[in-house]
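A.B. asks: I have a structure I would like to understand better, so I am pasting it below and will then ask my questions one at a time.
The values are calculated or read from the model by the stated rules, or taken from the named source; none is laboratory data. The model shown is predicted, which means the values in this text are computed figures rather than measured ones. Glycine gets a Cβ as well: all are built from the backbone with ideal geometry, and neighbour counts include every protein chain shown.
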Amino acid sequence: MSTAPSSAAVPAGGLILPVLAKYWWLILLRGIVAIIFGVLAFAWPGITLITLILFYGAFALADGVLALGHAIMGGNVGSRWWLALVGIAGIAAGLVTFLMPGVTALVLLIFIACWAIALGIFQIIGAIRLRKEIDNEWLIGLSGALSILIGIILLVAPGPAILGLIWLIASCSIVFGIMLVMEAFKLKKHAA
């Protein structure tokens with residue numbers, strides 16, 4: 001029995017570029033899905049929150065399926081367990097969104113608010129700890145304070161915060177999609 005790794009298997013040294021390059025088109029598709037989601041969110045200003053949540057669910061589901069497919073198609077799944085987890089989480093988020101869209105909106109808002117507050121606290125702690133090691137550590141602390149403020153606003157004024165969050169998610173989705181598309185074409189150059 002041969003123990004030689006398949007051509008798609010990741011070498012023991014952890015080089016995954018050949019596998020990522022082989023399936024560059026999956027990254028391209030993920031980028032296109034993200035861009036479409038962002039553009040649709042901006043294109044229909046009168047769109048309801050529930051429709052945006054369902055768009056998010058479709059995006060999360062499609063992104064999850066594509067990420068899981070990328071993890072499975074590469075051969076040695078053990079080295080890309082993180083990509084499989086991203087895929088499973090995306091599929092789960094998409095399904096939960098379709099089954100409970102109202103709850104999804106509230107939970108997403110609360111999750112983002114708590115994350116922003118926790119991130120801000122840790123940034124301030126980091127700035128205090130780094131004050132003797134780096135210059136302008138106050139910028140880290142200031143960004144932490146801003147993050148805490150955003151988290152509090154999300155919790156205190158959820159209506160306007162959700163609308164602002166919709167535009168933020170749309171913007172981030174487009175930027176994320178463009179970055180994935182650019183990365184896919186870079187990886188295509190390495191494809192065999």
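A.B. asks: Cβ-Cβ under 8 Å, sequence separation 6+ or interchain: first residue in the stretch 15-44 and at pLDDT below 85, partner assigned to a helix (DSSP H, G or I) and of a type in the set (Lys, Arg). Which pairs?
C.D. replies: Close Cβ pairs (under 8 Å, with a partner that is assigned to a helix (DSSP H, G or I) and of a type in the set (Lys, Arg)) amount to Ile16/Arg80; Val19/Arg80; Ala21/Lys188.
A.B. asks: I would also like to ask the following. Quick one: Phe98 ticks every box in (1) surrounded by fewer than 16 Cβ atoms within 10 Å (Cβ to Cβ); (2) in contact with a Gly (Cβ under 6 Å, 6 or more places away or on another chain); (3) hydrophobic (A, V, I, L, M, F, W, C); (4) closer than 30 Å to Leu20 by Cα bar one, so which box is it?
C.D. replies: The failed condition is (4).
A.B. asks: Out of contact with any Ser or Thr (no Cβ under 6 Å at 6 or more places or on another chain), over 30 Å from Ala58 (Cβ atoms) and among the aliphatic types (A, V, I, L, M): is that true of Leu109 in this structure?
C.D. replies: On the way: out of contact with any Ser or Thr (no Cβ under 6 Å at 6 or more places or on another chain): yes; over 30 Å from Ala58 (Cβ atoms): no; among the aliphatic types (A, V, I, L, M): yes.
Taking the combined requirement at face value, the residue does not satisfy it.
A.B. asks: Against the condition basic (Lys, Arg), within 21 Å of the chain's Cα centre (by Cα) and modelled with pLDDT under 85, how does Arg80 come out, does it pass? Steps first, answer last, please.
C.D. replies: Values: basic (Lys, Arg): yes; within 21 Å of the chain's Cα centre (by Cα): yes; modelled with pLDDT under 85: yes.
Here the answer is yes, as Arg80 does meet what is asked.
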